[in-house]
Amino acid sequence: MIVFMHAVALAILALLCHGGGRAVMDALRIRTAGDATRAVVASGLGFGALGMILFACGSLGLLTRAAVLVVLALFALCAARYASELRSLIVRTPPGILLVLLGGSAVTFVRALYPPTGPDAGMYHLPFARLFAETGSLGYAETIRFPVFPQLNEVIFAAALLVADDLTAQLTQCYCMLVTAAAIVAMARGGERSRGGALAAAIWLGMPLVFFLGSQAYVDCGLTMTVTLAFLAWIEWRASDHAPAWAAALGAFTGMAAATKYHGLFFVAWFAVAILVTRARSAAAFAAALLVVGAPWYLRIAAWTGNPLFPYFTSLFGANDWGLNLDASRHLGSLTVPARNPDEWVLLNSHNVRLWILALAPPAIAGLFLDRRLRVPFAAAVAYAIAVWSLDTRFLIVTLPLFALGASVAVAAAVRQNRIVLAIAGALVLVGGHAANIRFDVRYLGPIPRTSGERHAFLQRQIAAYAAQRVIAGSGGAGKTIYALRCENAAYFWRGRYLGDWFGPYRYDRVVPFIGQPDRFAQILRGFGAEYLLVCDAYSGPLPNGLELLFTTPKARVYRIPSVH
């Protein structure tokens with residue numbers, strides 16, 4: 001039942017976003033000769049329109065269940081208007097393409113039906129969504145790892161929590177992953193020599209990191225979708241003899257990218273320069289759409305903090321408790337990730353996007369000589385990859401669609417567009433990728449939890465702090481304030497204040513140095529309002545003295561923080 005219900009939820013999301021996006025396309029008079037292009041552009045625009053309307057509701061303090069249902073009803077009216085058009089496209093789509101898109105995303109869909117366990121989802125993406133849903137507004141949350149930042153996807157997560165559950169929030173990223181795959185196919189079908197779209201989509205859908213991010217309430221698949229659609233809008237703009245409507249679509253998608261994550265600003269700058277150099281008269285349409293979609297998020301950030309790029313650029317905008325640098329996520333020490341055994345090496349390095357980029361780069365470059373339309377988007381992908389190469393490998397995911405597409409164009413030309421060979425290659429990629437995903441991930445999870453008891457048991461196995469949180473709540477501590485050492489990824493599962501992180505006003509370096517001084521240690525924690533100390537097994541420092549140890553679980557310890565007189 002849980003599989004069926006959430007499959008319906010995903011299908012409804014797709015229909016609503018397509019309908020809303022088609023209404024936007026008609027309003028902007030965006031025309032295209034390709035049905036596939038129209039469908040994927042509409043699907044992306046609808047996702048962005050939904051996020052912007054929810055942003056407006058949250059800004060007015062009206063992000064409630066009733067408001068979300070009204071918004072969805074309006075999108076449903078649009079979906080009904082364009083339903084026959086979408087149905088006709090699905091009927092005309094080659095079965096092989098449908099098989100790649102639906103079959104290739106099936107394992108990710110199943111993985112998304114497990115309760116959220118992704119570290120960043122539990123640390124801040126879902127806590128923000130829950131905060132928005134509970135308060136009805138987009139507030140400043142100093143207890144969450146980042147108190148404010150571009151949050152287009154998080155407001156959609158909040159809507160999912162209001163009308164459904166956190167599994168539906170995760171499925172929004174599965175949707176973004178699927179739209180990205182469809183956009184890859186649409187870009188390939190637009191080229192005279194390009195018939196490698198299904199193979200490129202298979203490469204994208206089979207990537208282990210894509211599988212993970214498409215099944216969690218992260219925002220990276222959302223960012224990749226908007227950037228890939230910006231690439232598609234650029235191609236259509238050039239093909240339409242620089243029609244202003246397509247420049248507006250390009251501005252909207254780059255605005256969505258910037259509204260999703262600061263990394264999207266790279267593509268704002270890239271395409272702003274590209275449009276000015278290519279045809280400056282289209283810059284006004286591009287800038288107008290960009291400002292409508294992207295600017296409100298940065299005005300909100302500036303209004304709360306005085307810094308539109310908070311918490312970065314402290315030398316320009318002033319110091320803050322986070323004080324991050326642009327290279328705060330630097331991860332690259334060596335190209336490959338060291339491991340204790342061969343299986344662990346395969347697991348870790350299959351998620352390393354740098355290795356995939358290096359493998360795909362030679363055929364992708366060859367593909368550019370066969371499909372000139374891809375050159376500017378591919379150059380953008382390469383420039384972005386260079387800019388973030390030494391940071392967290394997850395940031396490179398937005399480049400994968402272009403590398404996969406360029407490589408597939410070259411492969412298709414090498415086998416002389418032989419559809420059987422391309423189909424076999426795509427099947428091998430998908431089967432190989434998802435076989436690894438099942439082996440290293442899904443098979444360890446057990447059956448999909450179907451009841452609240454099964455969900456609790458699953459989360460107790462997966463989240464170190466979860467069992468301890470449940471004991472605290474069950475013994476009268478529900479809603480109280482916890483200071484947690486090395487348990488950041490469990491913030492979403494605690495309904496009270498949950499403090500403790502590497503950054504911010506409650507960061508570890510303000511507390512840990514005093515852990516051997518019981519009175520001072522308790523005074524600091526009580527000053528934060530904390531009543532319990534939760535220490536997870538990831539913490540390897542000295543344990544506190546002088547605090548009452550209430551209980552231990554297999555993965556955590558809980559202390560009572562005494563009152564300070």
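If you take every DSSP beta bridge fully contained in the chain, what fraction is antiparallel? Give it as a percent rounded to 5.
60
Once the cut-off is 19 Å, how many percent of the Cα-Cα pairs in segment 213-334 end up in the long-distance tail?
Counting pairs separated by more than 19 Å, the tail of P(r) holds 54 percent.
Output the 0 to 90 degree angle, nearest 10, between the alpha-carbon long axis of helix 166-189 and the longest principal axis computed from the alpha carbons of the chain.
Long axis of 166-189 versus the principal axis of the chain: about 20 degrees.
Considering segment 418-565, what Rg and Dmax in Å follow from its alpha-carbon atoms?
21.0, 80
When a/c reaches 1.5 or more, the comparison of a/b and b/c decides; with that in mind, is segment 67-139 rounded, prolate or oblate per its Cα gyration tensor?
Note, shape of segment 67-139 comes out oblate.
If DNA, RNA and ligands are ignored and the probe is 1.4 Å, what is the ranking of Ser88, Ser315 by accessible area, most exposed first?
Sorted descending by solvent-accessible area, the residues read Ser315, Ser88.
Across segment 337-448, what fraction of all alpha-carbon pairs, as a whole percent, falls in each successive 5 Å bin from zero upward?
With a bin width of 5 Å, the distribution comes to 2, 11, 16, 19, 18, 15, 10, 6, 2, 0.
In a Debye calculation with equal point scatterers on the alpha-carbon sites of segment 134-212 and no solvent, what is log10 I(q)/I(0) at q = 0.19, 0.23, 0.25 Å⁻¹?
One equal scatterer on each Cα of segment 134-212 leads to -0.88, -1.05, -1.13.
Write down the Å³ per residue value for the convex hull defined by the alpha carbon atoms of segment 484-537.
Expressed per residue, the convex hull around the Cα atoms of segment 484-537 is 83 Å³.
Using 1/(1 + (r/R0)^6) with R0 = 45 angstrom and r between the beta carbons of Leu98 and Asp321, what's the FRET efficiency to the nearest 0.05?
It comes out at approximately 0.35.
Mind putting a number on the dipole of segment 146-234 about its Cα centre? Charges go on the C-beta only, +1 for Lys and Arg and -1 for Asp and Glu, and I need it in Debye to the nearest 20.
Roughly 440 debye, rounded to the nearest 20.
What relative contact order, as a whole-number percentage, does segment 197-334 give when Cα pairs under 8 Å and 6 or more residues apart are counted?
This gives 17 percent for segment 197-334.
Rg to Rh for segment 434-493: what is it, with Cα atoms only and Rh by Kirkwood?
On the Cα set of segment 434-493, Rg over Rh gives 1.07.
For q = 0.32 Å⁻¹, what log10 I(q)/I(0) does segment 167-209 give under the Debye formula with an equal point scatterer on each alpha carbon and no solvent?
Log-scaled intensity ratios, in q order: -1.04.
Along the charge dipole of the chain, pointing to its positive end and built from +1/-1 on Cβ of Lys, Arg, Asp and Glu, which listed residue (Leu60, Phe266, Leu28) has its Cα farthest out?
Ranked along the dipole, the leading option is Leu28.
Cysteines without a disulfide-compatible partner in the chain, using Cβ under 4.7 Å as the rule?
Cys17, Cys57, Cys78, Cys174
Nearest 20 debye, what's the magnitude of the dipole of the chain about its Cα centre given +1 on Lys and Arg Cβ and -1 on Asp and Glu Cβ?
For this selection, approximately 820 debye.
Find out how many positive minus negative residues lie around Leu223, taking Lys and Arg as positive, Asp and Glu as negative, among other residues whose Cβ is under 15 Å from that of Leu223.
Around Leu223, the charge tally is -2.
Taking the Cα atoms of segment 164-271, report the difference between the largest and smallest coordinate on each principal axis, in whole Å and largest first.
That gives 44, 31, 24 Å along the principal axes, largest extent first.
Mind giving me the nanometre distance, one decimal, between the label points for Ala56 and Thr314, set 7 Å out from Cα along Cα→Cβ?
With each label point 7 Å from Cα toward Cβ, the separation is 3.8 nm.
Give me the compactness ratio for segment 345-394, meaning the Cα radius of gyration over 2.2 N^0.38 Å.
Rg over 2.2 N^0.38 Å, computed on Cα atoms: 1.28.
Relative contact order of segment 103-253: what whole-number percent is it, with Cα pairs under 8 angstrom and at least 6 residues apart?
Across segment 103-253, relative contact order equals 26 percent.
What angle do you read, to the nearest 10 degrees and between 0 and 90, between the alpha-carbon axis of helix 244-260 and the longest principal axis of the chain?
20
Please state the relative contact order of segment 271-372 as a whole percent: Cα pairs under 8 Å, 6+ residues apart?
10
Tell me the accessible surface of Met5 in square angstrom (1.4 angstrom probe, heavy atoms of protein chains only), to the nearest ten.
Per-residue accessible area (Met5): approximately 110 Å².
Full-extension gain between Asp165 and Arg81, please, as 0.36 nm times their residue separation minus the C-alpha to C-alpha distance.
Extra length from Asp165 to Arg81 when fully extended: 27.5 nm.
Length gain on complete extension for the stretch Val431 to Ile386, per 0.36 nm per residue less the alpha carbon to alpha carbon distance?
13.2 nm
Ignoring everything but the protein chains, give the 1.4 Å probe accessible area of Cys17 in square angstrom, nearest 10.
Probe radius 1.4 Å; accessible area of Cys17 about 0 Å².
Take Ser563 and Leu550, extend 7 Å from each Cα along the Cα→Cβ direction, and tell me the distance between the two endpoints in nm.
Reported label-point gap for Ser563 and Leu550 is 1.6 nm.
Please report the net charge: other residues with Cβ closer than 15 Å to the Cβ of Arg281, K and R +1, D and E -1.
Value of the local net charge: +1.
With Cβ to Cβ distances under 12 Å as the rule, what net charge do the other residues near Asp321 carry (K, R +1; D, E -1)?
Around Asp321, the charge tally is 0.
Assuming R0 = 35 Å, what is the FRET efficiency of Ser240 and Leu74, from their Cβ-Cβ distance, to the nearest 0.05?
It comes to 0.75.
Per 0.36 nm of contour for each residue apart, how much would the distance between Arg526 and Ala106 grow if the chain were fully extended, relative to their Cα-Cα spacing?
146.4 nm
Just the Kirkwood number for the chain, please: inverse of mean 1/r across all distinct Cα pairs, in Å, one decimal.
Kirkwood hydrodynamic radius for the chain: 24.5 Å.
Place +1 on the Cβ of every Lys and Arg and -1 on the Cβ of every Asp and Glu in segment 133-289, take the dipole about the Cα centre, and give the residue among Gly139, Gln216, Ala248 whose Cα lies farthest towards its positive end.
Result: Ala248, furthest along the dipole toward the positive end.
Using heavy-atom solvent-accessible surface (probe 1.4 Å) with all chains present, what is the largest-first order of Leu291, Leu16, Leu69, Leu205?
Leu291, Leu69, Leu16, Leu205
Please determine, in degrees from 0 to 90 and to the nearest 10, the orientation of helix 375-388 with respect to the longest principal axis defined by the Cα atoms of the chain, where the helix direction is its Cα long axis.
The helix 375-388 is inclined about 20 degrees to the chain.
Can you tell me the alpha carbon radius of gyration of segment 1-143 divided by the globular rule-of-thumb value 2.2 N^0.38 Å?
Relative to the rule-of-thumb radius for its length, segment 1-143 sits at 1.19.
Using +1 at the Cβ of each Lys and Arg and -1 at the Cβ of each Asp and Glu in segment 407-565, identify which of Ala414, Gly516, Ser563 lies farthest towards the dipole's positive end.
After comparing all options, I get Ala414.
At a 1.4 Å probe radius, which order do Arg111, Arg495, Arg145 fall into by accessible area, largest first?
From most exposed to least exposed: Arg495, Arg145, Arg111.
7 Å from Cα along Cα→Cβ at both Ala538 and Met1: what's the point-to-point distance in nm?
3.5
What is the magnitude of the charge dipole of segment 244-348 about its Cα centre, with +1 placed on the Cβ of each Lys and Arg, -1 on the Cβ of each Asp and Glu, and no other charges, expressed in debye to the nearest 20?
Approximately 380 debye in magnitude.
Which value, in Å² and to the nearest 10, is the accessible area of Arg87 when all protein chains are kept and the probe is 1.4 Å?
Approximately 140 Å² for this residue.
The values are calculated or read from the model by the stated rules, or taken from the named source; none is laboratory data. This one's a predicted model, so the numbers in the text were calculated from it and none came from an experiment. For neighbour counting, all protein chains shown are included, and Cβ atoms are generated from backbone atoms with ideal geometry for every residue, glycine included. The protein model used for the area step is the full one, side chains on, heavy atoms only, and it has no ligands, DNA or RNA in it. Shrake-Rupley method; radii C 1.70, N 1.55, O 1.52, S 1.80 Å.
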